[in-house]
Amino acid sequence: MKIIIAPDSLKGSITAIEAAFSIEKGVKNAFPEAETVLIPVADGGEGTMDTLVSATNGREVSVGVTGPLGQPINAKYGVLGDKKTCIIEMATASGLNLINDTELNPLKTTTYGTGELIKTALDEGYRNFIIALGGSATNDGGAGMLQALGIQLLDETNIEIGFGGGELNQIQKVNLDNFDERIYDSQFLIASDVENPLLGAKGATYVFGPQKGATEKMIQTLENNLTHWAELVENLTGKRLHDLEGAGAAGGLGGSLQAFFPSTIKRGVDVVIEYANLVEHLDHADLVITCEGQVDFQTVFGKTPMGVAQAANTRNVPTIIFAGTVGDNIQALYQYGVISVHGIINRPMSLEKAMNKASKLLEQTAEQVCRTYFLDKTVKKDH
């Protein structure tokens, strides 16, 4: 039997690569002779860089940049195995994981460090980029990134604005004279785990602002400021970010990338699946196993298990999903080749304990599910 193991990370617990090894161990406990193919995946959020670098035998480069609150930090970009493609995960420079909960403030957080990563990679000669947008701490519309690459955002006194979404309403002039010309000679593939527009009830601020520390008062300020920014961008580039799909990703960074860069945007999971050659590995496969921290009604809207199941379904290979928790209304997944969804928690335990035991829980679940799924083959072999 051939089993494809294509999990995402369990956020805050184990990486996609670690999850893949744990599931494989469970499969081998049940069927030592099984052929397993490990293809860790991600959806454009945290872990996308590590996953793509691992899948293509690439490497990672450490760079000193400006963190989300203006502090100096060490971030990374990845170089894929083709030695031509640079993968930048914005969260490594501008992510929530870089700030204590007590310091979260989207009025002040900046994407400047993400721009510095791009600039460093340009300096090293890279012109083919993948930009992964998940996990941001920012709501600055990508303004910081643009500043790092030479665009001047000037107030009424012709002075450069400061960092953060709280400064966007001060912009009266956008000066492109010093914008890094190498951008125009490059190609940018935007890998996003969300499709939200920039503004409105489904936009960057209202949907994602609270998790970045935005209070109700901040939300109104940030929305007004992003509206001001969107109107400036439309007047300058002709690109209307207000209701553009994906423009609200990473606090509006997805919008600036689409407006100022030669770019295309795709579901992050589709980007990873393509570069990891998942579809090619599906030939003669009997089963695909994937997993994510939480599976619920939102999973069908482009999350990792959905992307994996859709790819497997093109080759008529069934998919089983493991999850830390299973929410409501998952029935839609069954239309796309998913045959079952399994929570890995096997007895009452705290969240902390479950996260600490995730590897073992995945292993145990994989063994028991595979023993059940392949029961017919086992019975026939025994007889």
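For segment 199-218, the set of residues classified as assigned to a loop (DSSP other than H, G, I, E, B) and not polar (S, T, N, Q) consists of 199, 200, 201, 202, 203, 209, 213, 214, listed by residue number.
Going by what's in this entry, would residue 274 be described as under 20 Å from the mean Cα position of the chain (by Cα) and not in a helix (DSSP H, G or I)? Can you show your working first?
Values: under 20 Å from the mean Cα position of the chain (by Cα): yes; not in a helix (DSSP H, G or I): no.
Here the answer is no, as residue 274 does not meet what is asked.
Could you count how many residues in segment 219-245 are surrounded by fewer than 24 Cβ atoms within 10 Å (Cβ to Cβ) and either within 20 Å of the chain's Cα centre (by Cα) or outside any loop (DSSP other than H, G, I, E, B) (or both)?
The total comes to 15.
Across segment 98-112, a minimum of one residue is classified as assigned to a helix (DSSP H, G or I), in contact (Cβ under 8 Å) with a residue 40 or more places away in the chain, buried (at least 19 other Cβ atoms within 10 Å of the Cβ) and assigned by TED's automatic domain parsing to the domain that holds residue 210.
Filtering segment 338-361 to residues that are of a type outside the set (Ser, Thr, Tyr) and part of a helix (DSSP H, G or I) leaves 351, 352, 353, 354, 355, 356, 358, 360, 361.
Residues that are closer than 16 Å to residue 5 by Cβ, surrounded by fewer than 24 Cβ atoms within 10 Å (Cβ to Cβ) and of a type outside the set (A, V, I, L, M, F, W, C) do occur in segment 286-302, at least one of them.
Residue by residue, here is whether (1) more than 15 Å from the chain's Cα centre (by Cα); (2) under 25 Å from residue 35 (Cα atoms); (3) of a type in the set (A, V, I, L, M, F, W, C) holds:
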{"position": "208", "(1), (2), (3)": "no, no, yes"}
{"position": "215", "(1), (2), (3)": "yes, no, no"}
{"position": "280", "(1), (2), (3)": "yes, yes, no"}
{"position": "295", "(1), (2), (3)": "yes, no, yes"}
{"position": "300", "(1), (2), (3)": "yes, no, yes"}
{"position": "306", "(1), (2), (3)": "no, yes, yes"}
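Residues of segment 295-337 that are of a type in the set (A, V, I, L, M), at pLDDT 95 or above and in a loop (DSSP other than H, G, I, E, B): 317 alone. Within this structure, residue 258 passes the test of being in the same structural domain as residue 204 (by TED's automatic domain parsing), among the polar types (S, T, N, Q) and in contact with a strand residue (DSSP E or B) (Cβ under 9 Å, 6 or more places away or on another chain). Among the residues here, residue 272 qualifies as buried (at least 23 other Cβ atoms within 10 Å of the Cβ) and among the aliphatic types (A, V, I, L, M).
Applying the selection to segment 26-68, what residues are of a type in the set (Ser, Thr, Tyr) and touching a Gly at 6+ places or on another chain (Cβ under 9 Å)? Break it down stepwise before answering.
As a first pass, look at segment 26-68 and keep what is of a type in the set (Ser, Thr, Tyr): 36, 48, 51, 54, 56, 62, 66.
Within segment 26-68, 48, 56, 66 meet the criteria.
Can you tell me which condition residue 137 does not meet? The list is (1) closer than 14 Å to residue 191 by Cα; (2) modelled with pLDDT of 95 or more, and all the others hold. Going through (1) closer than 14 Å to residue 191 by Cα; (2) modelled with pLDDT of 95 or more one by one, residue 137 breaks only (1).
The values are calculated or read from the model by the stated rules, or taken from the named source; none is laboratory data. All values reported here derive from a predicted model rather than from experimental measurement. We place every Cβ from the backbone using ideal geometry, glycine too, and count neighbours over all the protein chains shown.
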